Amino acid sequence: MKRLAIIGAGNVGKVLGTALKAKGYRLGAAFCRTEMSRRVAEQVLRCPVPETAAQAAQAGDIVFITTPDRVIREVCEKIAATGGFRPGQYVLHTSGAHSSAVLTAARAEGAYVLSFHPLQTFPGLEVGLQSLPGTFFTVEGDAAALDLAAELVDALGGKMLSIPTALKPLYHAAACAACNYLVTLMDAALEMYAVMGIPAENAMEALSPLVQGTLRNIAVLGPQQALTGPIARGDLSTISCHQEILAQHCPALLPLYTRLGLDTVDLARRKGTLGENEAHAIKQLLGG
Ligand SMILES: NC(=O)c1ccc[n+]([C@@H]2O[C@H](COP(=O)([O-])OP(=O)(O)OC[C@H]3O[C@@H](n4cnc5c(N)ncnc54)[C@H](OP(=O)(O)O)[C@@H]3O)[C@@H](O)[C@H]2O)c1
């Protein structure tokens, strides 16, 4: 079985290392920057954590560089310059924003390179491991490494998605909109409920079935058919009411409400529940 090296054993590094170890992969070594993270990595991954990234990379047939995006290229170049890579090795990173081009220094040493992005969120080890089954892994890079990618995806219980290298940042912008901006939206909703004195955990409990139901509807029907609410119905007076109360109690949230409202008008037009004149009137009300 191939040996893994994890360079940057943070959230993703620990989840991938733990999950692949459970599937029989051997952990050759891991590397972290700070002493505290090194100790945690040693405890969680139970593998050697050498002094340098190059030493850790040498111990792997498959090297995962799971550092923050901003240092992947630099870390890869440093490992290459200090003899950590060899021909035939596989070097992968898990960034959604960067392509495999940031691993050019490893390719120059004869390694095969891939970007291998889990389209999932990993805030911690346990929840991360629970989320893995069914996760899509977006892969691009050297054709000679695609079989390995398929093998890893299979071991992780995931599914593979291939994208064109040049459009990778667009792919990642979409993932951020779907994941991070949903979190921001929920935070805004909780802020509105807080004005009524409803604590965040109660508000979350109340909103959760609505949000889960909406996600299910989007998955089954698509966004257009899943859209309901005052904009889809053309209820101008309700929207006007929302604007007034927001201006009074949460003025900072008004721009978010109106901006998303304008896009929701377009979606409702595509759905066909909103006439041209109604759409125009709502857009005017929203300041569009
Ligand atoms: N978390 C997610 O939900 C998620 C999802 C999909 C993809 N990703 C991608 O996965 C990668 C890792 O993200 P993460 O959330 O796991 O990050 P993280 O939890 O912050 O972990 C980053 C790790 O890299 C180490 N590191 C930082 N700077 C380093 C350097 N210069 N040299 C060597 N190691 C260094 C850190 O060590 P110290 O702790 O010692 O600083 C830490 O172990 C990123 O490319 C990210 O875009 C993340």
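Only the coordinates and a few stated rules stand behind these numbers; no lab work does. Here the structure is a predicted model, which means the values were calculated and not measured. Virtual Cβ from ideal backbone geometry, glycine too; neighbours counted across all protein chains shown.
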With the structure loaded, tell me whether Phe31 is within 11 Å of the ligand (Cβ to nearest atom) and within 22 Å of Val127 (Cα to Cα) or whether it fails that test.
no
Just one of (1) part of a helix (DSSP H, G or I); (2) under 30 Å from Met1 (Cα atoms); (3) out of contact with any helix residue (DSSP H, G or I) (no Cβ under 9 Å at 6 or more places or on another chain) trips up Leu152, so point out which.
(3)
Of everything in segment 3-28 that's crowded, with 24+ Cβ neighbours inside 10 Å and of a type in the set (Gly, Ala, Ser), which residue is nearest to the ligand (Cβ to nearest atom)?
Gly8
How about segment 116-159: which of its residues are within 15 Å of the chain's Cα centre (by Cα) and of a type in the set (Gly, Ala, Ser)?
Gly124, Gly128, Ser131, Gly134, Gly158
Glu74 being more than 17 Å from the chain's Cα centre (by Cα), within 14 Å of the ligand (Cβ to nearest atom) and loosely packed, with under 15 Cβ neighbours inside 10 Å:
yes
Can you name every residue in segment 42-55 that is crowded, with 18+ Cβ neighbours inside 10 Å and either more than 15 Å from the ligand (Cβ to nearest atom) or within 19 Å of Leu132 (Cβ to Cβ) (or both)?
Leu45
Would a scan of segment 123-135 turn up a residue that is in a strand (DSSP E or B) and either within 14 Å of the ligand (Cβ to nearest atom) or not aliphatic (A, V, I, L, M) (or both)?
no
